[in-house]
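Trainee: Below you'll find the structure I mean.
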Amino acid sequence: MAFDGRLLGGISVLAAVVETGNFVRAAEAFGLTQSGISRAVARLEARVGVRLLDRTPRAVSLTDEGRRFHAQVAPLLAGLDEATSEAAGAASAVRGRLRVNVDPWFARLVLAPRLSGFLAAHPQLSVELLVRDALGDLVSEGIDVAVRFGEPEPSGLIARKLLETRILACAAPAYLARRGRPRHPRDLVRHECLLFRDPVTGRPFPWEFHRAGKVVEVEMTGRLVMNDLATKLTACAAGHGIAQSIEFGLDSFLASGELVQILADWAEERFPLYAYHPSRHLPPAKVRAFLEFVVASIPPASKKETGTSSRKIRRTRTASFGRPITSRPIPPASPIQSFGRPGPGTEPRAKPKPKHDPS
């Protein structure tokens, strides 16, 4: 089949416009005129048969079709760039800028204390760490890799499970001395509970308790709602109420006695940490190096019962209020499944089940 060099050129121009944000800077990057960039984009749109960019005097943005097209071709351009580097003998060169979207708790607890070592090991690499409570659109925002707590939501990203951590209920000794210790999850309705806001819905996460396959959902009430785990745990240690939190990072609170676990026999629920990257093919060397660094930084005790497979996130049905139905844990994938074909255990649960408090 004949290779269409003009098509590849048009795709490269489109990628430059998306990356720089306008035609002027894209023209400077290519050494062309602004009208030359505009004609190249117009030829590409005519070639694919859809409008890819919305143009206004002040801004240029991808259309829905353009966003889907860019999401598919951007990894291919990155693969071509990596192939060129490999041909030049630089396939293992970790360099350039790495943009990372990361969960605030993981950034504070794991990455921040160790990033200096990672940068020292790769002197040609710079890292932009975007700490926030939502995954966002990795492709349109130019994010290379993300590390997030919670089950994957429907998307075209590659997800790799890094760990699973238990969900614990805890409180300060002073609070329990004042209000008493609950013996069953339903006893919590008589307690002050610290709630965590779901960034997707804007409402507090529901509370669940798991034991021997049984799940008890409790309608929680509380006067204090937060969106930051560190703040919630500090408030809990100060005796303001009972909190439900991931076990990952609680060691210092429990060891010091600032917090004590309650309802320990109802703590079988697990919550995962995933790494995400856009390309279904071999990710760039800088992404591979970062993922190796993250895995090495996780305490060994936290890696229990985790998978090491990577898989394209399967699109699932959506529960009420737009929340995705949680999939069953992903078993180790075959090489074919790693490229996005659904394997065993990925069917949505028959009954919609909300996501859990990632805090």
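Trainee: Specify the residue that is nearest to P123 (Cα to Cα); the eligible residues are those in region 246-284 that are modelled with pLDDT of 90 or more and polar (S, T, N, Q).
Mentor: S256
Trainee: How many residues does region 177-211 hold that are farther than 21 Å from I246 by Cβ and of a type in the set (A, V, I, L, M)?
Mentor: Looking only at that region, the number is 2.
Trainee: For region 167-220, name all the residues that are closer than 19 Å to V260 by Cβ and β-branched (V, I, T).
Mentor: Selection gives I167 alone.
Trainee: Another question, if that's okay. Take the residues in region 30-49 that are of a type in the set (A, V, I, L, M, F, W, C) and surrounded by 14 or more Cβ atoms within 10 Å (Cβ to Cβ), then tell me which one is farthest from L157 (Cα to Cα).
Mentor: Initially, region 30-49 is screened for residues of a type in the set (A, V, I, L, M, F, W, C), giving 30, 32, 37, 40-42, 44, 46, 48.
From the residues that got through so far, the ones that are surrounded by 14 or more Cβ atoms within 10 Å (Cβ to Cβ) too are 30, 32, 37, 40-42, 44, 48.
Details: F30: 29, L32: 33, I37: 29, A40: 29, V41: 26, A42: 29, L44: 25, V48: 23 Å.
Top of the filtered list is L32.
Trainee: Just to verify a result, which residue in region 285-319, among those that are in contact with an Asp or Glu (Cβ under 6 Å, 6 or more places away or on another chain) and not hydrophobic (A, V, I, L, M, F, W, C), is modelled with the highest pLDDT?
Mentor: Kept after step one, since they are in contact with an Asp or Glu (Cβ under 6 Å, 6 or more places away or on another chain), are these residues of region 285-319: 287, 305-306.
Checking the rest, the ones that are also not hydrophobic (A, V, I, L, M, F, W, C) come to 305-306.
On the way: E305: 48, T306: 45.
Within region 285-319, the match that is modelled with the highest pLDDT is E305.
Trainee: Only one residue in L119, L162 is outside any strand (DSSP E or B), hydrophobic (A, V, I, L, M, F, W, C) and in the same structural domain as T201 (by TED's automatic domain parsing). Which one?
Mentor: Values: L162 fails: outside any strand (DSSP E or B).
One residue alone meets the criteria, L119.
Trainee: Which of the residues spanning region 27-58 are in a helix (DSSP H, G or I) and touching a strand residue (DSSP E or B) at 6+ places or on another chain (Cβ under 9 Å)? Walk me through how you get there before you give the answer.
Mentor: Going through region 27-58, the residues in a helix (DSSP H, G or I) turn out to be 27-30, 34-48.
Of everything in region 27-58, those that are in a helix (DSSP H, G or I) and touching a strand residue (DSSP E or B) at 6+ places or on another chain (Cβ under 9 Å) turn out to be S38, V41, E45.
Trainee: Moving on. Can you list the helices (runs of 4 or more DSSP H) lying wholly within region 168-262 that have 2 or more residues being without any contact (Cβ under 8 Å) to a residue 60 or more places away in the chain and more than 26 Å from F106 (Cα to Cα)? Show your work before the answer.
Mentor: On the way: elements: 173-179, 229-237, 251-256.
It comes to 173-179.
Trainee: Restricted to region 99-121, and to residues that are of a type outside the set (A, V, I, L, M) and out of contact with any strand residue (DSSP E or B) (no Cβ under 9 Å at 6 or more places or on another chain), which residue is surrounded by the most Cβ atoms within 10 Å (Cβ to Cβ)? Walk me through it before giving the result.
Mentor: So the first thing to find is which residues in region 99-121 are of a type outside the set (A, V, I, L, M), and the list is 99, 101, 103-106, 108, 113-114, 116-118.
Right, trim to out of contact with any strand residue (DSSP E or B) (no Cβ under 9 Å at 6 or more places or on another chain) and you get 113-114, 116-117.
On the way: P113: 10, R114: 13, S116: 9, G117: 11.
Filtering first and then ranking leaves R114.
The values are calculated or read from the model by the stated rules, or taken from the named source; none is laboratory data. Since the structure is predicted, the reported quantities are computational estimates derived from the model, not experimental observations. Note that we place each Cβ from the backbone using ideal geometry, even for glycine, and neighbour counts take in every protein chain shown.
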